[in-house]
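Novice: Please read through the structure below; I'll follow up with questions.
The values are calculated or read from the model by the stated rules, or taken from the named source; none is laboratory data. Note that the coordinates shown come from a computational prediction; the quantities given were computed from them, not determined experimentally. Here Cβ is always computed from backbone atoms with ideal geometry, including for glycine, and neighbour counts include all displayed protein chains. We work out accessible area using only protein heavy atoms, side chains counted, and drop any ligands, DNA or RNA first. Shrake-Rupley method; radii C 1.70, N 1.55, O 1.52, S 1.80 Å.
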Amino acid sequence: MGFEDEIQQAANILASSQHAVALTGAGHSTPSGIPDFRSPGSGLWTQVDPMEVASIYGFRRNPQAFYDWIRPLAKQMMEAQPNAAHIALAELERIGVIKAVLTQNIDELHRKAGSQRVLELHGSVRQATCTRCGRQVPSADLWPAFVASGELPYCPACHGLLKPDVVLFGELLPMGVLLEAQDEAERCDVMMVAGSSLEVYPAAELPRRAIQHGAKLILVNYQPTDMDACATVVIHEDVAVILPQIAAKVKSLKGITSP
Ligand SMILES: [Zn+2]
């Protein structure tokens, strides 16, 4: 335990907010067993350089190498379950406190936990697009067969190669989603960052934008970040430990009893 004062302070801020949003990153899903594939030591760096193999250039040059790289990650994402932090954010949305979840994660765990308004800045593994005809294919038609066989997935219509709808290194972010996220950052009065080290654009930029527009910042991340000094509340702990406690206190402040 620990951080009782900070947890209470975060709950007070959220309970009195008008439009709170959450911003989540890789640290939000590591308690669900999904490695941070951008971080050294995740195990996914030992064989290949993701900056090369998981870039759009690498995908075009050598799709087999890309798919070999993403195969264990895809398997983990298919099997992963939302953790207590995902469930806490979904609950905070259900009771009307959190209005949107902005996430860098592609694993769909916020949606699996029941979050409704999820802005996926780096896309998601939910579907794939044919690189030849543009047809969109749901993930159920892609991942289970691919994970089982390791064979490249092709479009059922034209036999073009499928590319998962995730943002690879060297690719632009989906513009509509980015604009919505920037709009949320500007209109929110509280932004709670959970499990992001705020090192990758646009996660690094969205909290600054929120603060410039008068929002308060709550930061829950295991490691210190560059934004710690700008935040009203900073908690260096596991999101799966802290977020359920914050959500419980918000509910109690709002007089909501758990079913
Ligand atoms: Zn096609």
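Novice: Scan the stretch 120-133 and report the pairs whose first residue is closer than 19 Å to residue 77 by Cα and open to solvent by less than 10 Å² (accessible area, probe 1.4 Å) and whose second residue is near the ligand (Cβ under 9 Å from one of its atoms) and in a strand (DSSP E or B), with Cβ atoms within less than 8 Å and a gap of 6+ or a chain change.
Specialist: The qualifying pairs are 128/137; 128/162.
Novice: Would you confirm whether any residue within the stretch 95-111 is assigned to a helix (DSSP H, G or I), open to solvent by 10 Å² or more (accessible area, probe 1.4 Å) and away from the ligand (no atom under 16 Å from the Cβ)?
Specialist: So far as the stretch 95-111 goes, yes, one or more of its residues are assigned to a helix (DSSP H, G or I), open to solvent by 10 Å² or more (accessible area, probe 1.4 Å) and away from the ligand (no atom under 16 Å from the Cβ).
Novice: Among the residues of the stretch 63-79, is any surrounded by fewer than 21 Cβ atoms within 10 Å (Cβ to Cβ) and within 24 Å of residue 244 (Cβ to Cβ)?
Specialist: yes
Novice: Okay, next question. Might you check whether a residue that is open to solvent by 50 Å² or more (accessible area, probe 1.4 Å) and over 26 Å from residue 21 (Cβ atoms) occurs anywhere in the stretch 178-186?
Specialist: Scanning the stretch 178-186, I find no residue that is open to solvent by 50 Å² or more (accessible area, probe 1.4 Å) and over 26 Å from residue 21 (Cβ atoms), so the answer is no.
Novice: From the list 139, 55, exactly one residue is surrounded by fewer than 18 Cβ atoms within 10 Å (Cβ to Cβ), in contact (Cβ under 8 Å) with a residue 12 or more places away in the chain and touching a strand residue (DSSP E or B) at 6+ places or on another chain (Cβ under 8 Å). Which is it?
Specialist: From the options 139, 55, the qualifying one is 55.
Novice: Can I ask one more? In this structure, does residue 88 turn out to be free of Cβ contacts under 8 Å to residues at least 12 places away in the same chain and on the phi < 0 side of the Ramachandran plot?
Specialist: Answer is no for this residue.
Novice: Next question. Here's a check for you: in the stretch 147-160, which residue that is out of contact with any Phe, Trp or Tyr (no Cβ under 7 Å at 6 or more places or on another chain) and of a type in the set (A, V, I, L, M, F, W, C) is surrounded by the fewest Cβ atoms within 10 Å (Cβ to Cβ)?
Specialist: 148
Novice: Okay, next question. I'd like to check something: does the stretch 32-47 contain any residue that is of a type outside the set (Val, Ile, Thr) and assigned to a helix (DSSP H, G or I)?
Specialist: Yes: the stretch 32-47 contains one or more residues that are of a type outside the set (Val, Ile, Thr) and assigned to a helix (DSSP H, G or I).
Novice: Can I ask one more? May I ask you to list the residues in the stretch 187-214 that are open to solvent by 10 Å² or more (accessible area, probe 1.4 Å) and farther than 26 Å from residue 35 by Cβ?
Specialist: Across the stretch 187-214, the qualifying residues are 187, 189, 208, 209, 211, 212, 213, 214.
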